[in-house]
Amino acid sequence: MKPYRGRIAPTPTGLLHLGHAQTFWIASTHARQAGGQLLLRIEDLDPQRSQQKFTSAAIEDLAWLGIEWSEGPDRGGPCAPYIQSKRFGLYREVLAKLKATGHAYPCRCSRKDVREASTAPHDKGGEPVYPGTCRPTLGQATLFDMEIVPQVNWRFRVPDGETVAFEDGRFGSQSFIAGSDFGDFVLWRHDDVPSYQLAVAADDHNMEVTEVVRGADLLKCTARQLLIYDALGWSAPAFHHCPLVKDKSGQRLAKRDSAFSLRAMRESGATPGEIRSRFIE
């Protein structure tokens, strides 16, 4: 078995809240119990919302909480850089491989186009599933002139009807049907930014992560990323999805809920131990 390597991956679009703290604490606990390593990666692929001040706050607040990591943007390591906005070269290489094998195709549809498509099915959560408007048949050229429409999304061609199954460390057996529970998903956006699906799969593979610990809202993302792993011939890590922390009304916490931010709780006098006592595995 490979030595354990876990990761914590905050997005610097706001202050970390109690839900982030719980997930990252569980990730650090798994690494510590396995006698392995934990790395910190900053996932700053939202150029409009990501800010350096939130990166600095995340590093400070996680260290205050008692989480320790051996690699990251603040201390370097063999997989540097640990900031996604500085790793575009890797992402372009991965996209090129998916294009070459026919797993990626260009799409000129916007989110609005997909949302308003009368033929678009919907998943169990009510989200529209891409109806395949721009999807060419295997071996076929694109359905439009790339010189006329130079700014496109690149989508992953999912194997329609195929069941994507995996064993989750917290929620047990999981399965999703490609083409029904989710459709062809974006790999690279028209504004020349890689999608979460591509970047995270590429980074976890490149950084030799053996277990991904993250929130339960990303269970379906795991199915998508497993298809990327399979298309590239990569071995997938193990997955452990954590329960979401909710407010008194039953809504999951968001970064706009400033009262639940680690920074606000710190400033109110809460100790790391008091915060950790509220976590559930």
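Among the candidates 261, 249, 268, the residue that is over 14 Å from the mean Cα position of the chain (by Cα), at pLDDT below 95 and more than 15 Å from residue 17 (Cα to Cα) is uniquely 249. Beta carbons closer than 7 Å, at least 6 apart along the sequence or on distinct chains, pair a first residue in the stretch 33-45 that is under 10 Å from residue 4 (Cα atoms) with a second that is among the hydrophobic types (A, V, I, L, M, F, W, C) and part of a loop (DSSP other than H, G, I, E, B) for 38/69.
Every condition in (1) under 13 Å from residue 104 (Cβ atoms); (2) out of contact with any Asp or Glu (no Cβ under 9 Å at 6 or more places or on another chain); (3) part of a strand (DSSP E or B) holds for residue 155 except the one numbered (2).
Within the stretch 64-92, the set of residues being closer than 22 Å to residue 14 by Cβ, of a type in the set (Phe, Trp, Tyr) and assigned to a helix (DSSP H, G or I) comprises just one member, 64. Here is the figure for the stretch 234-246: residues that are modelled with pLDDT of 95 or more and in a loop (DSSP other than H, G, I, E, B) total 4.
For residue 63, are the conditions met, namely being among the hydrophobic types (A, V, I, L, M, F, W, C) and surrounded by fewer than 21 Cβ atoms within 10 Å (Cβ to Cβ)? Judged against the criteria, residue 63 is a match.
Restricting attention to the stretch 101-131, the residues being modelled with pLDDT of 65 or more and part of a loop (DSSP other than H, G, I, E, B) number 11.
Conditions (1) farther than 30 Å from residue 183 by Cβ; (2) among the charged types (D, E, K, R); (3) not in a loop (DSSP other than H, G, I, E, B), marked per residue:
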{"position": "2", "(1), (2), (3)": "yes, yes, no"}
{"position": "29", "(1), (2), (3)": "yes, no, yes"}
{"position": "55", "(1), (2), (3)": "yes, no, yes"}
{"position": "62", "(1), (2), (3)": "yes, no, yes"}
{"position": "94", "(1), (2), (3)": "no, no, yes"}
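From the list 48, 22, 33, the lone residue that is closer than 30 Å to residue 154 by Cα, out of contact with any strand residue (DSSP E or B) (no Cβ under 6 Å at 6 or more places or on another chain), polar (S, T, N, Q) and not assigned by TED's automatic domain parsing to the domain that holds residue 186 is 48.
Within the option set 14, 35, being in contact with a Phe, Trp or Tyr (Cβ under 8 Å, 6 or more places away or on another chain), part of a loop (DSSP other than H, G, I, E, B) and loosely packed, with under 14 Cβ neighbours inside 10 Å holds for one residue only, 35.
Annotation note: of 184, 192, 230, the sole residue that is of a type in the set (Asp, Glu), crowded, with 18+ Cβ neighbours inside 10 Å, over 10 Å from the mean Cα position of the chain (by Cα) and within 23 Å of residue 99 (Cα to Cα) is 184. Scanning the stretch 38-53 for residues that are crowded, with 21+ Cβ neighbours inside 10 Å and either outside any loop (DSSP other than H, G, I, E, B) or at positive phi (or both) returns 38, 39, 40, 42. The residues in the stretch 196-216 that are over 10 Å from the mean Cα position of the chain (by Cα) and within 24 Å of residue 161 (Cα to Cα) can be counted, and the count is 1.
The values are calculated or read from the model by the stated rules, or taken from the named source; none is laboratory data. If you're wondering where the values come from, they're calculated on a predicted model, not measured in any experiment. Every residue, glycine among them, receives a Cβ derived from its backbone with ideal geometry; neighbour counts consider all protein chains shown.
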